[in-house]
1. So is ARG142 exposed (fewer than 14 other Cβ atoms within 10 Å of the Cβ) and either of a type in the set (Phe, Trp, Tyr) or touching a strand residue (DSSP E or B) at 6+ places or on another chain (Cβ under 6 Å) (or both) or not?
2. Going through region 127-137 one residue at a time, which ones are touching a residue at least 24 places away in the same chain (Cβ under 8 Å) and under 18 Å from SER72 (Cβ atoms)?
3. Would you please name the residue that is farthest from GLU59 (Cα to Cα), looking only at residues in region 77-92 that are at pLDDT below 95 and of a type outside the set (Asp, Glu)?
4. Under the condition of being in contact (Cβ under 8 Å) with a residue 12 or more places away in the chain and polar (S, T, N, Q), which residue from region 38-62 is surrounded by the fewest Cβ atoms within 10 Å (Cβ to Cβ)?
5. Could you pull out the residue among ALA70, ALA65, ALA106 that is surrounded by 13 or more Cβ atoms within 10 Å (Cβ to Cβ), free of Cβ contacts under 8 Å to residues at least 12 places away in the same chain and aliphatic (A, V, I, L, M)?
6. Does SER87 meet the test of being loosely packed, with under 11 Cβ neighbours inside 10 Å, closer than 26 Å to GLY135 by Cα and either touching a Phe, Trp or Tyr at 6+ places or on another chain (Cβ under 7 Å) or not aromatic (Phe, Trp, Tyr) (or both)?
7. State which residue is nearest to LEU14 (Cα to Cα) when the search covers only region 144-169 and only residues that are hydrophobic (A, V, I, L, M, F, W, C) and more than 16 Å from the chain's Cα centre (by Cα).
8. State the number of residues belonging to region 20-37 that are aliphatic (A, V, I, L, M), within 16 Å of GLN162 (Cα to Cα) and free of Cβ contacts under 8 Å to residues at least 12 places away in the same chain.
Amino acid sequence: MSGSPAVDAYKARLLSYVEGKDPVVVQSQTVQTLTQLIEGVPDSKLRQHPAPGKWSVAELLAHFAEGEVAISWRYRQMLERDGVTLSGYDQELWHRLGDYPSRKPAESLQQFRLLRAANLRLLDRLTEEQWLRYGNHTERGRMTVREMVQQVAGHDLNHLEQVQKALGR
């Protein structure tokens, strides 16, 4: 199953970010990179929108944290039941429900740090067979655990670039 042209383009863009990189290493470096990027940055700057309709760094941190909730569940579903249906989610709805603008950046980063560490421990223990287990994403189609890990790493790099630009770094 293939997604729409927009979904296929999104997947290709995410994968382009990790080309030639180890996606687990990328994921393992994201928390530290985010921590360094926001260190010493005033809260007012973290809450500043870089452009109309674009999320602030504080909102991106909340998105990292809540996105890791979704990916935690997806990894575990795929490992439990090959071929499981993986639902997409409406990130704008999660933004509203999670009230991202009011979230404290340090708390979002801490939530992300803890969830990411748990996921990295899980990935570190996978057998080759488990890396090949798969799910059927309702928007992105069939993907193995390995492919999901690549997409998550690309997602990380995409949003890290947005954080850097928003902070002028």
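The values are calculated or read from the model by the stated rules, or taken from the named source; none is laboratory data. Keep in mind that what you see is a predicted model, and the values were worked out from it rather than measured. Every residue, glycine among them, receives a Cβ derived from its backbone with ideal geometry; neighbour counts consider all protein chains shown.
1. Numbers: exposed (fewer than 14 other Cβ atoms within 10 Å of the Cβ): yes; either of a type in the set (Phe, Trp, Tyr) or touching a strand residue (DSSP E or B) at 6+ places or on another chain (Cβ under 6 Å) (or both): yes.
Considered against the rule, which asks whether it is exposed (fewer than 14 other Cβ atoms within 10 Å of the Cβ) and either of a type in the set (Phe, Trp, Tyr) or touching a strand residue (DSSP E or B) at 6+ places or on another chain (Cβ under 6 Å) (or both), ARG142 comes out as yes.
2. GLN130, ARG133, TYR134, GLY135, HIS137
3. Step by step, filter region 77-92, then rank; the result is SER87.
4. GLN48
5. Details: ALA70 fails: free of Cβ contacts under 8 Å to residues at least 12 places away in the same chain; ALA65 fails: free of Cβ contacts under 8 Å to residues at least 12 places away in the same chain.
ALA106 is the lone residue from the list that is surrounded by 13 or more Cβ atoms within 10 Å (Cβ to Cβ), free of Cβ contacts under 8 Å to residues at least 12 places away in the same chain and aliphatic (A, V, I, L, M).
6. Details: loosely packed, with under 11 Cβ neighbours inside 10 Å: no; closer than 26 Å to GLY135 by Cα: yes; either touching a Phe, Trp or Tyr at 6+ places or on another chain (Cβ under 7 Å) or not aromatic (Phe, Trp, Tyr) (or both): yes.
When the stated conditions are applied, SER87 does not pass them.
7. Of the residues in region 144-169, the ones hydrophobic (A, V, I, L, M, F, W, C) are 145, 148-149, 152-153, 157, 160, 163, 166-167.
Filter once more, so that each one left must be more than 16 Å from the chain's Cα centre (by Cα): 166-167.
On the way: ALA166: 20, LEU167: 22 Å.
My answer is ALA166.
8. Of the residues in that region, 0 qualify.
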